[in-house]
Each structure stands twice: as C-alpha cells, then as structure tokens.
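One structure is given here, and the rest of the page talks about it.
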Amino acid sequence: MAIMIEVLNKQHKVIERHKFSSARIALGRAFDNDLVLFDKHVSPHHAELVQAEDGVWHLHDLSSLNGSFTEPGKPIDGTSAVSSGELCWLGEQALRVFDESHPVAPAQPYNRIEQRLAKFGHWAVVSVLVLLVLLLEVFSLWLEVPKQERNEWSRLLVGLPLMLLVMSLWPAALAVWARINQHEARFFAQLGITLACVGAWSLIDGLFSVLNFSANGAGLLSWLQEGMHWLLLVGTLSANFYLALQITTLRKILFAATIGLVFMLQSLDTGFLMNEYRRMMPQYDSSLMPLSFYFNDPVTQGEFEQNSIELFKQVDEMRLEEAKEEKEQ
C-alpha cells in the first residue's frame, strides 16, 4: 500500500508532498534517504517509516539526537504506530502521514472576491492607477500652492517619486507577511488596491474642497468627509487583509474597522491640536478657489458691494430696534 508524506512548516502548512510505494522509507538530512529533510535539528539518518504485515505503519527512531515524536513533548521509545492523517515530528520538523485510501476534502469553488481583487495587480491597472495618483497630486499642488511659488515646479514635483515609494511600503509589508505564512504574496495586487485608495481619497478631498467652497465651510460637510474617509480606509484594509491574512472574513473586516477607527480618531485629535497651532501664524488659504469651482450663481463686484451695504444697514436697524425695546422696558 502506498503512503503519502506531507512536510509541514511551523504553522503546520504543507510545503512539500511526497508519495512512496515501498514498505520502508528512510527519513533524514543525508542525501541517501528516501525523504531528504532540511531542518537543522533533523539527524542525517533520523528515522524510518516501516509498514508491518498487517498494513500498519510504524515510526522507528534511529537513535537521533533530538528524538522522534507522535505526541508533542513525548519522544517515542524505539518505535510507535502511526495512523493515517496523524502528525509526527522529527526533532522540530513536522510531518503528516496518509495512506492511499484516506478520504480527501471536496473541491472548493473559486473565490470570486479574491479573483476580483487579484485583478488590481494587472500591469495595466497598476499603470493607470499610478498615472491617476500622479495627476491628482499635481492638480492638488496647482490648487493649494500660491501663484508666486508655482514657478518652482521642479522643486514641488521632486517629491512625487518619493511619495510613490512610501505608498509601496504597505503592500510590500503585506506581501512579506503573506510569504512568511506560506501564502501568495500578490504584491502588485496589494499595490493596486493601495493606489486605488489613495486616488479615491484625493478625489473625495477634491470634491469636498469644492463643496466646502460653495457651502461656505458647512460643518456637516466636514463630518461627512471624515465618514467617507473612514469607509474608504476600512474597505481598503479589508481588501488588503482578504488577500494577505488567513483568518475568517468577519475577523478581517473587524480588524480593518478597528484600525480604521483608531487612525481616524488619531487624525481628528491631531487636526484639532494643529488648528490651535496654525491660528498663531499666517497661512495660505487654499479654500479660495477659482470662481469656476463655485456652484452658486456668481455676482459682479458692484452687486457684491451693494449687497454688503444692505446687509450692514439691516444689522444697524436690528440693533437700533433692540436698543429701543430695552429702553421701553
């Protein structure tokens, strides 16, 4: 009867799978073994798997330095029977043994969400997203930088490659973590998702800049903007974790929501502290956008002056009426 041996990593994920048809299988680091292992704690000729006449497989330890185990912490004394699907250890190297009649799990359907997220890693998608992020950043500089500084575009644009490099650090960290856990790295998919988040974030900021300009900085719009930022951040982190982490989907979403909430609360707190500091120094007001971004009906300078005079007159009349009422009382 043939036997299947799976070589496992520290997290008990399969890294190798071998099938043998002989009744005696030598295990160890030496190259003359049937199954050559690479763990430094495995002896050159560590153990043997031997099939008895009744078909049961037995693990024989060959006086190895670090021992053989069928239960953690309990080295076998010479030999021990191994049943199909059971774990055993040679030193710290974990193995799982199956016979050829062992049932296998049914086939799993394709994960549509994972397939769609993986499309972000296509070179064309990544290229378009990089171009979009760069264009949005240039447009943001054009809106926010005072006119007298726009002649120094070379100095302003030199930070764009560094910005892209910093953006790639998060996808790189996720890819490394996935590889450590014997999962697909999918760096370019993670990079595409991150760039899509940055592009969407810039579009939201641009949209709300126009809305705040047209609505005279209504407070509700600021909270709505922060809420959209939080939803975007949670969605992006959920997508990142969906590809990188091997935990349940609900845990991925909860993990992403918690990180997003902490990030947004810290951002709000820092914003309030910085506002107190910024009041002490003159600042360029980037909210004074060109009139082409104004949603309401524009007025001429003369009409604006006349409306202002009438407004002051109305305020003076209201003040006089309040003073007259106080005297009568």
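Overview of values
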quantity	calculated
Matching residues in segment 67-99 - criterion: being assigned to a strand (DSSP E or B), more than 17 Å from Val56 (Cβ to Cβ), at pLDDT 90 or above and open to solvent by 30 Å² or more (accessible area, probe 1.4 Å)	Phe69, Trp89
Residue that is most open to solvent (accessible area, probe 1.4 Å), among those in segment 8-46 that are in contact with a Gly (Cβ under 7 Å, 6 or more places away or on another chain) and either closer than 29 Å to His183 by Cα or touching a residue at least 40 places away in the same chain (Cβ under 8 Å) (or both)	His41
Only listed residue being modelled with pLDDT under 65 and either open to solvent by less than 30 Å² (accessible area, probe 1.4 Å) or within 30 Å of Trp170 (Cβ to Cβ) (or both), chosen from Asn275, Asn212, Asn240	Asn275
Residue match in segment 109-122 (condition: out of contact with any strand residue (DSSP E or B) (no Cβ under 6 Å at 6 or more places or on another chain), under 21 Å from Gly28 (Cβ atoms) and surrounded by 10 or more Cβ atoms within 10 Å (Cβ to Cβ))	no
Residues satisfying the stated conditions in segment 40-57, i.e. closer than 27 Å to His102 by Cα and part of a loop (DSSP other than H, G, I, E, B)	His46, Ala52, Glu53, Asp54, Gly55, Val56
Options Gly199, Gly206: the member that is surrounded by 17 or more Cβ atoms within 10 Å (Cβ to Cβ), among the small types (Gly, Ala, Ser), part of a helix (DSSP H, G or I) and in contact with a Leu (Cβ under 8 Å, 6 or more places away or on another chain)	Gly199
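The values are calculated or read from the model by the stated rules, or taken from the named source; none is laboratory data. Just so it is clear, the model here is predicted, and its values are computed rather than measured. Reconstructed Cβ throughout: ideal geometry from the backbone, glycine too, with neighbour counts over all protein chains shown. All accessible areas refer to the heavy atoms of the entire protein, side chains included, with ligands and DNA or RNA removed. Shrake-Rupley method; radii C 1.70, N 1.55, O 1.52, S 1.80 Å.
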